[in-house]
There are 2 protein chains.
Amino acid sequence: MTNDMIISAQNIADHYAVLNRIGALGDHPGAGFHRPAYSDEETAVMIYFETQAKRAGLKARWDAVGNLFIETTDTQEQWMECGSHVDTVPDGGNFDGLAGVVAGFTAIAALHHKPRSHGLRLRIWRGEESASFGITSIGASAALGTLAASALDKRHAGRSLRQAMQEQGADPDIIASAQRTIEQDEIDQISAHLELHIEQGIVLEKKGVDIGIVTGIRAASRDWISLHGEFDHSGATPMGNEYRRDANLALAHILVNLDALFLSHQEEDCGLDLIQTIGHINSNAEKNSHDSELYSNAISKVSGYAYFSYELRSCNDILRNRYKQKAIRVIQETATAFGVSARIESISNSSAVKALDQSLQTDMQRICDTLGYSYSTLPSGAWHDAALMAQQSHSNQTPLPVGMIFIPCQHGKSHSPEEFASNEQIAKGTSLLATLMQQGLSK
Amino acid sequence: MTNDMIISAQNIADHYAVLNRIGALGDHPGAGFHRPAYSDEETAVMIYFETQAKRAGLKARWDAVGNLFIETTDTQEQWMECGSHVDTVPDGGNFDGLAGVVAGFTAIAALHHKPRSHGLRLRIWRGEESASFGITSIGASAALGTLAASALDKRHAGRSLRQAMQEQGADPDIIASAQRTIEQDEIDQISAHLELHIEQGIVLEKKGVDIGIVTGIRAASRDWISLHGEFDHSGATPMGNEYRRDANLALAHILVNLDALFLSHQEEDCGLDLIQTIGHINSNAEKNSHDSELYSNAISKVSGYAYFSYELRSCNDILRNRYKQKAIRVIQETATAFGVSARIESISNSSAVKALDQSLQTDMQRICDTLGYSYSTLPSGAWHDAALMAQQSHSNQTPLPVGMIFIPCQHGKSHSPEEFASNEQIAKGTSLLATLMQQGLSK
C-alpha cells in the first residue's frame, strides 16, 4: 500500500528526551513521575505540545475546561481524531497516557502536509487518572458535559478541583452549569476517534506481539467505605465483640470476606470479566489531611475508625452491578457482626464499553498485516478517555466510531516507576495510528 | 479511727475547674484532650501544680529529665509517696493520669500540717502514654535510668524526643549517658509508692463498688509490622497471588488469622491473661508524615505497602512471650502466602508486675472498711508508671512496696473524650490514698 506511514523510533525518542524531565520525582533513571490532574506539571507537558504544534504549523486551541486540541489548519468537513492524557498517578510512569499523546502528535505532524479528504485532530485531555480527585477523565467528561457539578468540591493536595482548575486558567463554571465544550456539531463531524495506549497488563508481552487491537473497555465503580466503631483503652477493654467495637478488626474481616466472595463468584460464574481491588486502607493523603478522626487511633486504643477504597472493574456493567450488590451486603453484614457501622460513599461509577467499533478493528488488522506487525485482540482492563467518546453518537443516532490501539509495556507494569515501553514499540503503534488516520474510515 | 482523712468532692472540683482548660480540644462539654509527652500542654499542667505547691508551702523540684516532684518540707528519713502523669493520648480524656495527680496533690496538701513520722511526696511523671513517641512511661523510666538512649530519636509531631525534651527545658543527655535522676539512696528512703488511677475498664462500675485494690499490672509488647508487596495497575493486573503481591489483602488476612489464633488460644489456655490489639492500620500521623511509600497507594493500584501496630498485654511475661512467638509465625507465613514481605520492628517491650505489695493491699482493705467504702480486688489491664517503681528494690534486696488504687470510670471508657470519673468518686479514692499516706506502712 502506498499510503502506509512508517514512523521512526527516533521521532518518538526526540519527544521523550524533553518529556522525561516534566513531573519526574528525581533525575535518576527509574525515578517515578507525578503529574496530578490540573497541576503545573500537567500544564507544562501540554504547553510543550502547544509549542511543538505551532512550530509545525498546526493549530492549537485550549477549550474552556483546560483541554488542549491540536488540529490541521485545513477546513475539511470530516475529522479523523485521536486523544489521550498526560497526567499520572503518584509515583507513576511516563507512558500511561503520554505515549498516546506523543503518538498522536507524531502522526499528525507526519501527515500534516500530505493530501487527505479529512482534517486531523489530537485531543490532549486533562486529568484522566482518578488518583488526584477520585474521578476519572475529568477533562474529557467536562468537555462532553457529563461531569457532575459536585466534582468541583473534590479535593487534592489542599485544593478543591474548582481551585485547581482556576489556577490552570480553566473555567469551573462550565461544569457547574452543565455546559459542554465539544458541541454536537463537532461530534457530528468526527469520522472516528482513536486512542493509542500502553496495555498496562502482561498479555501482549507474553504473546510476543507488536499490537493489541482493543475490543472493549472495562469501567470501574469506586466507593469509599468508612467504618465507625468505638475508641477504647486497649489494655482495660476485654477482647471480644461484647466489649469492643473494633473498626480495624471489622475492616480485616470485611476484606477477607470480600476476597472469599470473589473466589466463590469466580467458580460459579467463570468467564465473568471482573476485578476487585482495595487500593487504599487509611492511605489517602487528601482524606488524612482533614480527617482528624483517623489520627484518634493509637497503638494503645481499640480502633474506632477506619476507611478503605473499593473498586470493581468489568467490561459488563450489568454483571458488575449484580456482584456489587452482593459485596455491599457482605460489607454491611460483617461490619454489623463487629458492632461497627459501615458508610458507603460513591466516588465514581463509569459505564463500560462492551464493544468498540468493529469496522475500525478490521481496518487495524488489515493495516497490521500490510505493515508486517503481529497483533492480538483483547479487552482493555483499564479505563481510558476513549470510553467516553464511545458513549457519544452522531445526530443520526449511530454511535461515534471509536478504536483503541494497545502497545506492549515491559513486564505488564503500569502506575509504577517501572512502567516502560520502548521507542520502537511506541513507533510501531504510531505507524498503525498514522496509517489509519491517513486512510480514514473504510466503511 | 482518728486519723482517717476525708477529702471532699469540692477539693477535687476546684482543681478540675482550672485543669479542664489545659490541652482541651474545644471548649464545649465532652471535648477531648490532647497533651502529648513533653509538650507545652503537659508542662502547663505541671506548672499549675508547681504554683499550687508553692502557695501551699510545699517544696516543688524539677528533676533533670523534666519530671516534677512535690514534697513536704520536713526532713524525715522515710517517705510515703505517690505518683501519676498528666499527659494524654490524642483525643483522650482528662482523668487517665490527671485524676491520680489531683488526688496525690490534694492528699499531701491536706496532710502537710498534720503530725507524721515520714515525709510525703508526689511524683508528676512526664509522658506515660505511648501514643506520642511510641514509648510508655518516658519520664519515670528516664528518672530510674532504664530508658534506652535510642528512645531519643523517636519522633512525634515533627520533633524527636530529644528536641521535645530540650524545648521543655529537660536534659536528654541524662538518657543518652544512662544516668538516673532518682538515686538508690532516695529509693532506700521510700517506705511505699502509691498510685491512684481510673480503672479504664468496666469491672468496678459493673460491680458497683467505690474502690479497686490492684493486685498486679499488665505490661505490653508493641511492634510495628510493615508489609511490602508490589504496586500494580488495578485494572490490568489480573486477580490472584500469581499476578498480585497485594499488601492490603495480606494485611487483612494476617489480622483475621491473628484473631483466629487468639480465639483458639483462649480455648486451649483459658485463664491466660492476654489482650491483643491492632490499634493502627496506616494511621500513625508521625509515620505518615515522612513515609511517602504509604501515599504511593491509590484507588486504582494494587497496594504495595501497608503497616500496622501489634500490641500484646498480659500480667504474665512468660505466657505473653510464648504467645507472641506463635503470632509472629502467623504474620510471616500469611505474608509469604501473598508474596508479601513482613518486617517486624519492636517499639517497646515492658515487664509486667505479677503481684503488687500484699501488705499494702491488706492496709487498703482495712481502711476501706473503716471509711465505709465498698471495694474489689483486680489486676490492672493497663500499664502504669507504678509498674516501674515496683521493679525497684531497696539496697537490702527487698522490693520497693508499691500499691495501686483504682476508682471506677463511667462505662469503663478511657483514652476517649467520653472518659469520666465524678468528683465524688475521685474524692473517695483520695481519702483512701490520704489515709494510707498519713498512717504509713503498717508492717
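The values are calculated or read from the model by the stated rules, or taken from the named source; none is laboratory data. Note that the structure is predicted; figures quoted are calculated from it, not measured. Note: ideal-geometry Cβ built from the backbone for every residue, glycine included; neighbour counts use all protein chains shown. What goes into the accessible areas is simple: the full protein's heavy atoms, side chains included, and nothing from ligands, DNA or RNA. Shrake-Rupley method; radii C 1.70, N 1.55, O 1.52, S 1.80 Å.
Quick one: divide the alpha-carbon radius of gyration of chain A by 2.2 N^0.38 Å and tell me what you get.
Rounded to two decimals, the normalised Rg is 1.04.
Hey, what do the phi angles of the stretch B:131-141 turn into as Karplus ³J(HN,Hα) couplings, whole Hz, using 6.51/-1.76/1.60 and θ = phi - 60°, x for Gly and Pro?
Those phi angles translate into 5, 6, 9, x, 10, 8, 6, 5, x, 5, 6 Hz.
What is the calculated FRET efficiency for A:Ser264 to B:Asp14, with r their C-beta to C-beta distance and R₀ = 45 Å, to the nearest 0.05?
The formula returns an efficiency of 0.10 here.
Contour minus end-to-end for A:Asp369 and A:Asp173, with contour as 0.36 nm per residue of separation and end-to-end as the Cα-Cα distance? Write out the running numbers ahead of the final one.
Values: separation 196, 0.36 × 196 = 70.56 nm, distance 4.76 nm.
My answer for the length gained is 65.8 nm.
Pairs of alpha-carbon atoms within less than 8 angstrom and 6+ residues apart define the contacts here; what relative contact order does chain B have, in percent?
With pairs under 8 Å counted, the relative contact order is 25 percent.
I'd like the distance separating the alpha-carbon centroids of the stretch B:74-136 and the stretch B:327-367, in whole Å.
So the two Cα centres are separated by 25 Å.
In Å, the Kirkwood hydrodynamic radius of the stretch B:53-152 over pairs of distinct alpha carbons?
This gives a value of 14.4 Å.
Treating the angle as unsigned and between 0 and 90°, give the value, to the nearest 10°, between the Cα long axis of helix B:9-19 and the longest Cα principal axis of chain B.
50
Averaging over all projection directions, find the projected area of the Cα convex hull of the protein assembly as shown and quote it in nm² with one decimal place.
Numbers: hull surface 156.8 nm².
Hull-based average projected area comes out at 39.2 nm².
Loop-only trypsin sites (Lys or Arg not before Pro) in the stretch A:280-367, please: DSSP not H, G, I, E or B, and at most 10 other Cβ atoms within 10 Å.
none
If I build a Gaussian network model for chain B, linking alpha-carbon pairs within less than 10 angstrom, which residue out of B:Ile281, B:Ile299, B:Ile211 has the largest mean-square fluctuation?
Per the Cα network of chain B with a 10 Å cutoff, B:Ile299 tops the list.
Quick check: the angle from helix B:247-268's long axis to the longest principal axis of chain B, C-alpha only, nearest 10 degrees?
Its long axis makes an angle of about 50 degrees.
Roughly how far apart, in whole Å, are the Cα centres of the stretch B:40-71 and the stretch A:153-176?
The stretch B:40-71 and the stretch A:153-176 have Cα centres spaced 52 Å from each other.
Between copies, how far apart are the A:Gln78 label points? List them in nm, one decimal, shortest first, with each point 7 Å from Cα toward Cβ, please?
10.8
With a 1.4 Å probe, how much accessible area is buried between chains B and A, both sides summed, in Å² to the nearest hundred?
5400
May I have the extent of the alpha carbons of the stretch B:1-112 along their three principal axes, as whole Å values ordered from largest to smallest?
Extents along the principal axes: 43, 36, 21 Å.
Would you mind computing the Rg to Rh ratio of the stretch A:223-349 from its alpha-carbon coordinates, Kirkwood style for Rh?
For the stretch A:223-349, the value is 1.02.
Would you mind telling me the share, in percent, of accessible area of chain A contributed by carbon and sulfur at probe 1.4 angstrom?
Heavy-atom surface of chain A belonging to carbon and sulfur, 1.4 Å probe: 49 percent.
Sorted from shortest, what are the nm distances separating the label point of B:Gln163 from equivalent points in the other copies, each placed 7 Å from Cα along Cα to C-beta?
2.5
Please state, as a whole number in µm²/s, the translational diffusion coefficient that the Stokes-Einstein equation yields for the stretch A:86-130 at 37 °C and 0.692 mPa s, with Rh defined as the Kirkwood radius across alpha carbon pairs. Could you put the intermediate results ahead of the total?
On the way: Rh = 12.0 Å.
Answer from the Stokes-Einstein relation: 273 µm²/s.
Please report, for B:His28, the nm distances (one decimal) from its label point, 7 Å out from Cα along the beta-carbon direction, to the equivalent points in the remaining copies, shortest first.
5.0
Evaluate peptide A:409-416: per residue, the Cβ atoms of other protein chains within 10 Å of its Cβ; return the mean as an integer.
Average per residue, whole number: 6.
For the pair B:His112 and B:Glu77, what calculated FRET efficiency results from E = 1/(1 + (r/R0)^6), where r is the Cβ-Cβ distance and R0 = 30 Å, to the nearest 0.05?
On the way: r = 18 Å, r/R0 = 0.61.
Given R0 = 30 Å and the Cβ-Cβ separation, E is 0.95.
What angle, in degrees between 0 and 90 and rounded to the nearest 10, separates the Cα long axis of helix B:40-55 from the longest principal axis of the Cα atoms of chain B?
Once rounded, one gets 0 degrees.
How large is ³J(HN,Hα) for each residue in the stretch A:383-400, as worked out from phi by the Karplus curve 6.51 cos²θ - 1.76 cosθ + 1.60 (θ = phi - 60°), to whole Hz, x for Gly and Pro?
Along the stretch A:383-400, the couplings run 7, 9, 3, 4, 4, 5, 5, 5, 8, 8, 10, 6, 4, 7, 6, 7, x, 5 Hz.
Would you mind checking which residues have amide H under 5 Å from A:Asp232's amide H? H placed 1.01 Å from N; only 5 or more apart, or other chain.
For A:Asp232, the qualifying residues are A:Val302.
So for A:Arg218, B:Arg162, B:Arg155, what's the accessible-area order with a 1.4 Å probe, most first?
The residues order as B:Arg155, B:Arg162, A:Arg218, largest area first.
Evaluate the distance, in nm, between pseudo-label points positioned 7 Å from the Cα of A:Lys54 and of B:Arg343 along their respective Cα→Cβ axes.
Simple spin-label model gives 4.9 nm for this pair.
Under a 5 Å amide H to amide H cut-off, with H placed in plane at 1.01 Å, what residues pair with A:Ile407 once short-range neighbours are removed?
Those qualifying (amide H under 5 Å, at least 5 residues apart or on another chain) are A:His197, A:Ile198, A:Glu199, A:Gly212.
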